[in-house]
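Notes follow the structure.
The values are calculated or read from the model by the stated rules, or taken from the named source; none is laboratory data. All figures in this text were calculated on a predicted structure; none of them were measured in a lab. Cβ sites come from the backbone with ideal geometry, for glycine too, and all protein chains shown count toward neighbours.
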Amino acid sequence: MLALQGGFREHEEALVECGAATLRVREATDLDGLDGLLIPGGESTTISLLASRSSMIEPVRELIAAGVAVYGSCAGMIMLADEVLDGRPDRPSFGGIDMAVRRNAFGRQVDSFEADLEFEDSAVPNTVAEPFPAVFIRAPWVERTGPSVAVVARLPEAENGGEAGEPGKIVAVRQGRLLATSFHPELTHDRRVHQYFLEIVKGDA
Ligand code: GLN
């Protein structure tokens, strides 16, 4: 668990409930020997600043390049994006996923909202019958994905912010062993996204 800033405690509880052992990563040496890394929500500019100060940008990039499973939620999604729209150029992301994300994409009027999501069955099965309750807080959305990125969930069209006729905004993606969601699955009791990440960690998904 990257524990520099943000909502890491709730993610830890979720992972422990799913049977995982967690430890807090606060400096580069904490990255040694990890099976997976979770980057929580919070403020991506702050996470970037603290990661730079503790000389962790390059080590996390190396971990990603080495194929360790990484999941970024909300600000964590921004940190995994190769391109950040509306970001600060002096606050680099780790990158890794070939996508462009827009920070605070839903605008100031819509600070936070909840939506029922359908996932691709290969990621979180059965969400047509049992939608995933997703909490969005000053969330990013994904504006562009490269050819190696799988879109695993979109917002229902009706929640799109008024762009009728367009497909729902992309809010969950996977590229290889990297997973990112715009929303906060740790804030509800539904553990299916954390379980999916642990399957990626174990090499079962
Ligand atoms: N708006 C925040 C950012 O840009 C993300 C918000 C969140 O993680 N809930 O980093």
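What do you reckon, is Glu58 crowded, with 17+ Cβ neighbours inside 10 Å and either assigned to a helix (DSSP H, G or I) or in contact (Cβ under 8 Å) with a residue 24 or more places away in the chain (or both)? Taking the combined requirement at face value, the residue does not satisfy it.
Restrict the check to the range 188-197 and report whether at least one residue is of a type in the set (Asp, Glu) and either touching a Ser or Thr at 6+ places or on another chain (Cβ under 6 Å) or away from the ligand (no atom under 16 Å from the Cβ) (or both). So far as the range 188-197 goes, yes, one or more of its residues are of a type in the set (Asp, Glu) and either touching a Ser or Thr at 6+ places or on another chain (Cβ under 6 Å) or away from the ligand (no atom under 16 Å from the Cβ) (or both). Checked against (1) of a type in the set (S, T, N, Q); (2) touching a Pro at 6+ places or on another chain (Cβ under 8 Å); (3) within 14 Å of the ligand (Cβ to nearest atom); (4) more than 22 Å from Phe197 (Cβ to Cβ), Ser52 passes all but condition (3). State which residue is surrounded by the most Cβ atoms within 10 Å (Cβ to Cβ) when the search covers only the range 186-205 and only residues that are farther than 18 Å from Glu10 by Cβ and not small (Gly, Ala, Ser). Filtering the range 186-205 for residues that are farther than 18 Å from Glu10 by Cβ and not small (Gly, Ala, Ser), the one surrounded by the most Cβ atoms within 10 Å (Cβ to Cβ) comes out as Val201. Within the range 139-169, which residues are closer than 15 Å to Gly72 by Cα and either within 16 Å of the ligand (Cβ to nearest atom) or touching a Cys at 6+ places or on another chain (Cβ under 7 Å) (or both)? Answer for the range 139-169, where residues must be closer than 15 Å to Gly72 by Cα and either within 16 Å of the ligand (Cβ to nearest atom) or touching a Cys at 6+ places or on another chain (Cβ under 7 Å) (or both): Ala139, Pro140, Trp141, Val142. Taken over the range 16-35, the criterion of being part of a loop (DSSP other than H, G, I, E, B) and under 19 Å from the mean Cα position of the chain (by Cα) is satisfied by Cys18, Ala20, Thr22, Leu23, Arg24, Arg26, Leu34, Asp35. In the condition set (1) more than 22 Å from Gly6 (Cβ to Cβ); (2) in contact (Cβ under 8 Å) with a residue 24 or more places away in the chain; (3) in contact with a helix residue (DSSP H, G or I) (Cβ under 6 Å, 6 or more places away or on another chain), Arg144 is compliant with all but (3). Under 8 Å by Cβ, and 6 or more places apart or on different chains, what pairs join a residue from the range 1-23 that is of a type in the set (Ser, Thr, Tyr) with one that is assigned to a helix (DSSP H, G or I) and at pLDDT 95 or above? Every condition considered, the pairs that remain are Thr22/Glu12; Thr22/Leu15; Thr22/Val16. Here Gly41 passes the criteria (1) over 21 Å from Leu178 (Cβ atoms); (2) within 16 Å of the ligand (Cβ to nearest atom); (3) part of a loop (DSSP other than H, G, I, E, B) except the one numbered (1). Taken together, the residues in the range 114-130 that are crowded, with 17+ Cβ neighbours inside 10 Å and away from the ligand (no atom under 16 Å from the Cβ) amount to 6.
So which residues in the range 105-124 are of a type outside the set (S, T, N, Q) and at pLDDT below 85? Hits for the range 105-124 are Gly107, Arg108, Val110, Asp111. Take the conditions (1) within 10 Å of the ligand (Cβ to nearest atom); (2) farther than 20 Å from Glu143 by Cα; (3) assigned to a loop (DSSP other than H, G, I, E, B); Ala105 misses just one of them, which is (2). What residue, of Val173, Val152, Val142, Val135, is under 20 Å from Ser44 (Cα atoms), at pLDDT 95 or above and in contact with an Asp or Glu (Cβ under 6 Å, 6 or more places away or on another chain)? Of Val173, Val152, Val142, Val135, the one residue that is under 20 Å from Ser44 (Cα atoms), at pLDDT 95 or above and in contact with an Asp or Glu (Cβ under 6 Å, 6 or more places away or on another chain) is Val135. Of the residues making up the range 61-81, those that are surrounded by fewer than 24 Cβ atoms within 10 Å (Cβ to Cβ) and touching a residue at least 60 places away in the same chain (Cβ under 8 Å) are Ile64, Gly67, Val68, Ala69. Exactly one residue out of Gly33, Gly96, Gly72 is within 10 Å of the ligand (Cβ to nearest atom) and under 25 Å from Tyr196 (Cβ atoms): that is Gly72.
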